[in-house]
Amino acid sequence: MADKQEITNERKIENGIGWILRVGVFCAVIVMAVGVILLLLHGNTGYGKNIPTDLGPLIAGLISGKAAAWLMMGIFILILTPTIRVFASIFAFLAAKDFLYVGITTLVFIILLFAAFIGLQG
């Protein structure tokens, strides 16, 4: 049976990971809400038919107030949130000295990075 200290540590880890998910989703919603407001104010995406998918032009679009850039950044944050959660879980399992799950979670994180890299290549 787990002692009280172990249970307390597990709860702290669960709360920290939950916090990452909540903050990520909250930020994504706020960024997308800005995009929707800009879309309603301007009546267009700001790009026409050629919406950029690279990060540099996307950041330039955020600065210039283009609705599609804000919406895409919100989606990017939403996709990035569980990836950050997996990364944080590696350290949580390390702190708990659960090395089997450190290995499994690290493998999952590497697969996520590989998939993102493949996706960026087109």
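The values are calculated or read from the model by the stated rules, or taken from the named source; none is laboratory data. Predicted model only: the values in this text are computed from it and were never measured. Positions of Cβ are generated from backbone atoms using ideal geometry, with glycine treated the same way; all protein chains shown enter the neighbour counts. The protein model used for the area step is the full one, side chains on, heavy atoms only, and it has no ligands, DNA or RNA in it. Shrake-Rupley method; radii C 1.70, N 1.55, O 1.52, S 1.80 Å.
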**Asked** From the Cα gyration tensor of the chain, with a ≥ b ≥ c the square roots of its eigenvalues, which class applies: rounded if a/c is under 1.5, or else prolate if a/b is larger than b/c, or else oblate?
**Response** oblate
**Message:** What number comes out for accessible area per residue over the chain if the probe is 1.4 Å? Units Å², please.
**Reply:** 71 Å²
**Asked** Expressed as a whole percentage, what fraction of the accessible surface of region 1-120 belongs to carbon and sulfur atoms when a 1.4 Å probe is rolled over the protein heavy atoms?
**Response** 74 percent
**Prompt:** Longest exposed-loop-site-free stretch of the chain, with trypsin sites (Lys or Arg not before Pro), DSSP loop and at most 11 other Cβ within 10 Å?
**Reply:** 1-48
**Message:** When a/c reaches 1.5 or more, the comparison of a/b and b/c decides; with that in mind, is region 57-122 rounded, prolate or oblate per its Cα gyration tensor?
**Reply:** prolate
**Prompt:** Modelled label-to-label distance, Phe87 and Ile110, 7 Å Cα→beta-carbon offset: nm?
**Reply:** 1.8 nm
**Message:** I'd like the Karplus ³J(HN,Hα) series for region 106-113: coefficients 6.51, -1.76, 1.60, θ = phi - 60°, whole numbers in Hz, and an x wherever there's a Gly or Pro.
**Reply:** 5, 4, 4, 5, 4, 4, 4, 5
**Message:** Classify region 13-70 from the C-alpha gyration tensor, please: rounded if a/c falls under 1.5, else prolate or oblate depending on whether a/b exceeds b/c.
**Reply:** prolate
**Dipole magnitude of the chain, debye to nearest 20 (Cβ charges: Lys/Arg +1, Asp/Glu -1, about Cα centre)** = 260 debye
